[in-house]
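We did not get these values from a lab; they are worked out from the coordinates using the rules stated. Bear in mind the structure is a predicted one, so any value in this text is a computation, not a measurement. Cβ: placed from backbone, ideal geometry, glycine included. Neighbour counts: every protein chain shown.
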Amino acid sequence: MRAACELAARVLEYAGTLVKPWVTTDEIDRAVHQMIIDAGAYPSPLGYGGFPKSVCTSVNECICHGIPDSRNGDIINIDVTVYLNGYHGDTSRTYLCGEVDESTMQLVKVTEECMLRGISACKHGASFKTIGQRISEYVDEYGYSIDPFVGHGIGKIFHSEPIIWHTYDYEPGYMVAGQTFTIEPTLSMGGTQCTLWDDGWTAVTVDGSLTAQFEHTILVTGDGAEILTMHPRAWINQELPGVMSYA
Ligand code: MF3
Ligand code: CO
Ligand code: CO
């Protein structure tokens, strides 16, 4: 798990360096694919439930699972999952492409903070419900919507139990040291209603409002959680002052 997650983090960081106006999401997909193959791993999304590409790139109003095509946009979530030596590592972040206005920067910053707040609720014996509670309380201060996508258990299987809600929920259950799962909130500026494109994957907001997402794979420990997909250099973000950084 550690090796897979570290590779996912390095691939995501590299993918982020490619985000610039006029660079297509298809180019990002090709570069990510190559880096994963060169590392002796497999891009988990490719062929997963028929998904046609190696990475998810979700631009602007696209919430998640965007299929790379040829779009250029203002904010873009890149979601990398690698399968290395029998284990999956899953991580994503939202990058700024070109000039981005203040309110959009705030959405991106608050989304990252929500993911971190969720992570901070995790330790052996904690209730899964506290993740969604902590995130929801914070989002309420800004009036953003939390989209109905969930995190998931991960390890030898890409998506497994437990389901990780980012909203208030009634899911029972408590965390156990040694468990690995993702926390991956998606926040929209507008409403929570979403719809799927005809491709069966691309999830977008109905009102066209911008959305952002961040994701880490974490390991529950006795007194907290370890972020397995954290790559130190990935956290120095000079373009987003105020975003917590861990370098
Ligand atoms: N990486 C996504 C997640 O966070 C799942 C992508 S599935 C795909 O769970 F098929 F769209 F790639
Ligand atoms: Co992911
Ligand atoms: Co995930």
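Rounded to the nearest 500, what is the 222 nm mean residue ellipticity of the chain from helices alone, with -39500 (n - 2.57) per DSSP H run of 4+ residues and division by all residues?
Helix contribution divided over all residues of the chain: -8000 deg cm²/dmol.
I need the calculated FRET efficiency for the pair Phe158 and Leu18, taking r as the beta carbon distance and R₀ as 30 Å, to the nearest 0.05.
Rounded to the nearest 0.05, the efficiency is 0.80.
Express the relative contact order of the range 125-204 as a whole percentage, based on alpha carbon pairs under 8 Å and six or more residues apart in sequence.
36
Kyte-Doolittle mean at least 1.6 and Cα extent at least 30 Å along the axis: which DSSP H helices of the chain qualify?
none
Modelled label-to-label distance, Tyr142 and Arg30, 7 Å Cα→beta-carbon offset: nm?
Computed distance between label sites Tyr142 and Arg30 equals 3.5 nm.
Sorting check: for 144-157, 186-199, which peptide has the highest mean count of neighbouring beta carbons within 10 Å, and how do the rest follow?
144-157, 186-199
How would the range 31-143 be classified by its alpha-carbon gyration tensor: rounded, prolate or oblate, with rounded meaning a/c under 1.5 and the a/b versus b/c comparison settling the rest?
Judged from the Cα gyration tensor, the range 31-143 comes out oblate (a/c at least 1.5, b/c at or above a/b).
Mind checking which aspartates and glutamates have their Cα closer than 15 Å to the Cα of Lys156? Skip sequence neighbours fewer than 8 apart in that chain.
Result set, ordered by chain and number: Asp90.
Just grab the label-to-label distance for Leu196 and Ala3, each label 7 Å out from Cα along the Cβ direction, in nm (one decimal).
Label at Leu196, label at Ala3, 3.5 nm between them.
What fraction of the Cα pairs in the chain, stated in percent, has a spacing above 26 angstrom?
The share of Cα pairs beyond 26 Å in the chain comes to 33 percent.
With a 10 Å cut-off between alpha carbons and a GNM built on the chain, which of Glu171, Glu141, Glu161 moves the most?
Glu141
Let me know the charge dipole size of the chain about its Cα centre in debye, to the nearest 20, where only the beta-carbon of Lys, Arg (+1) and Asp, Glu (-1) is charged.
The calculated dipole for the chain is roughly 740 debye.
Assigning unit charges at the beta carbon (Lys, Arg +1; Asp, Glu -1) and nothing else, what dipole magnitude in debye, to the nearest 20, does the range 105-159 show about its Cα centre?
340
Using 7 Å Cα-to-Cβ label points, what is the Glu99/Glu226 separation (nm, one decimal)?
With each label point 7 Å from Cα toward Cβ, the separation is 4.5 nm.
Counting only C-alpha contacts under 8 Å and six or more residues apart, can you give the relative contact order of the range 23-174 as a whole percent?
Relative CO of the range 23-174 lands at 16 percent.
Specify the inter-centroid distance of the range 143-196 and the range 200-221, based on alpha-carbon positions, in whole Å.
Value for the Cα centre distance between the two parts: 9 Å.
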